[in-house]
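The values are calculated or read from the model by the stated rules, or taken from the named source; none is laboratory data. None of the values given here were measured: they were computed from a predicted structure. Each accessible area value is taken on the protein alone, full model and side chains, heavy atoms only, with ligands, DNA and RNA left out. Shrake-Rupley method; radii C 1.70, N 1.55, O 1.52, S 1.80 Å.
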Amino acid sequence: MTSSDTSAVWERLQAIETRTLGDLFAADADRVEKLSQRIEFEVPGDGTNGMLLDWSKTHLDDGLLDGFEALADAAGFAEAREALFAGGIVNPTEGRPATHGAMRGSGTEADVEEAEALLARMGMLVEAIHQGALGEVKHLIHIGIGGSALGPDLAVDALTRDLKLVDVHVVSNIDGLALEQAFAACDPAATLIAVASKTFTTTETMTNAASALKWLEENGVSDPSGRVVALTANPERAVEWGVDETRILPFPESVGGRYSLWSSIGFPVALAVGMDDFRAMLAGAQAIDTHFRQTEGRTNGPLLAAFADQYYSRLRGCQTRAVFAYDERLALLPDYLQQLEMESNGKSVTADGKPVDGPTAPITWGGVGTDAQHAVFQLLHQGTHLVPVDFIASIAPGDDLDPAHHKALLMNCFAQGAALMSGRKSHDPARNYPGDRPSAMILVDDLDAAMLGALIAFHEHRTFANAVLMGINPFDQFGVELGKEIAKQLGSGEGQFDPSTNALMEAAGLR
Ligand code: F6P
């Protein structure tokens, strides 16, 4: 692919007339059918589950879809997708493949075999802990940051609303308050510490891990390092740090941090919900891998979502996109998606190092409905920014209360999409709703472990598809390095800093 191939397609896309959602629906009686689809999958031992993707309330139409399919061809989407699953070097700046798919059975035979062996090892440790091999384990303090925390936090929160085998606390921030809060909720004699770090060098994680060991020691635990499990792609470093090899759960270097929930980084999830549910989560993700791999053009769900993402960010100038889960179990999904999308696609250069020729990842933000309706939806309905919105909801309720709760939840969700689109004219400017504001809907049958895996994999592939359409590498994150280096220099006092930073250091008594 060359950028001139895609530039020509972008020019054609730019020339397509913008039509309102009202006009689009009026012009095509089959619009809902054309822009919706159901992805169904079987989960072994758990029947069928499915997700309905409805992108009909976006501005995509036949002309735009033809254009975006041409863009995908010009950008080499099919080849890039094949390279992803075939273990090709899809992360050229680090010279690596991205094999997170293999963790759930989608990859080369060798990668899948390796993943299966690592998963079996994790399963044995989880099983042994459940059976008391490490004594009483009531709590797990999971220490990690970024991709080593956000996925586990989301999945534990989503899947343990009814039942948890172990009480998990995810601690990421180096702010000691976060760790203190976890200590306050745990009995040291019945607590395990998971140190989750791909590199096993991240300052926040290693500082928190050392403090957690000290806490165990100060509270009478005789062998604190015997209570530590390491989840890492750098097992040598974990051994040096003092973790016994039997409690190190490795994962391959080619699994990126924000794509690592499926690897041993998912250990707290497996410990909290059991291996069967963890495997169900992998199976749901694999079902989406299969759909993404085998479906072409606009019928490919994640690719269609990426078409809409590109349309809004490049052709309509939207700088943000919002995600509202109408489900308490997905309260942490916006945080998770922020890292997935912004760390992957918040870049200014293409995979071959040239400046990009358009905007890259929009800012992802969001919250849970209905809370967000009473907080930020004013801006969505009447503000000056156009914000494409995703709604996510489950037909089966997560609660056992009067079904009126869930019915009201879903009706609120659907009402928001309808109101954003139709608006309502008023002579009173303050009461006028302009409408024509886009939204997409992901409506799942039942938000169980498999569906959570499917939802996350859907967003991983949507992120990848966006990267391919923009010509960027979604698997590196050099943008986070400079701040880390300067923090170290400030700590050691080496280096020259600007006057404002010097003054702040003095004001805080740090020099
Ligand atoms: O700072 C960014 C980052 O490298 C993320 O990509 C990663 O998920 C996080 O830090 C944690 O890294 P590690 O797992 O190596 O501790």
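Summary table
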quantity: Gyration tensor verdict on segment 1-127 (Cα atoms; rounded if a/c is under 1.5, prolate if a/b is larger than b/c, oblate otherwise); calculated: oblate
quantity: 17 Å Cα-Cα reach of residue 138 towards lysines, excluding residues that sit fewer than 8 places from it in its own chain; calculated: 164
quantity: Among beta bridges that DSSP assigns inside the chain, antiparallel share in %, nearest 5; calculated: 30 percent
quantity: Exposure of residue 329 as accessible area (Å², to 10), given a probe of 1.4 Å and all protein chains; calculated: 30 Å²
quantity: Most to least accessible of 241, 10 (protein chains only, probe 1.4 Å); calculated: 241, 10
quantity: Centroid-to-centroid separation of segment 210-277 and segment 67-101 [C-alpha atoms, Å]; calculated: 31 Å
quantity: Geometric extent, Cα atoms of segment 100-277 - Rg, Dmax (angstrom); calculated: 15.0, 48
quantity: Cα-derived Rg over Rh, computed across segment 358-496 with Rh taken as Kirkwood radius; calculated: 1.10
quantity: Whichever lysines have a C-alpha closer than 26 Å to that of residue 484, once near sequence neighbours (fewer than 8 apart) are set aside; calculated: 198, 214, 347, 354
quantity: Spatially proximal lysines relative to residue 425 (Cα-Cα < 30 Å; intrachain offsets below 8 disregarded); calculated: 34, 57, 407
quantity: For the chain, convex hull volume per residue from C-alpha positions, Å³; calculated: 180 Å³
quantity: Probe 1.4 Å, all protein chains present, accessible-area order of 488, 164, largest first; calculated: 488, 164
quantity: The chain, relative contact order [Cα under 8 Å, separation at least 6], %; calculated: 19 percent
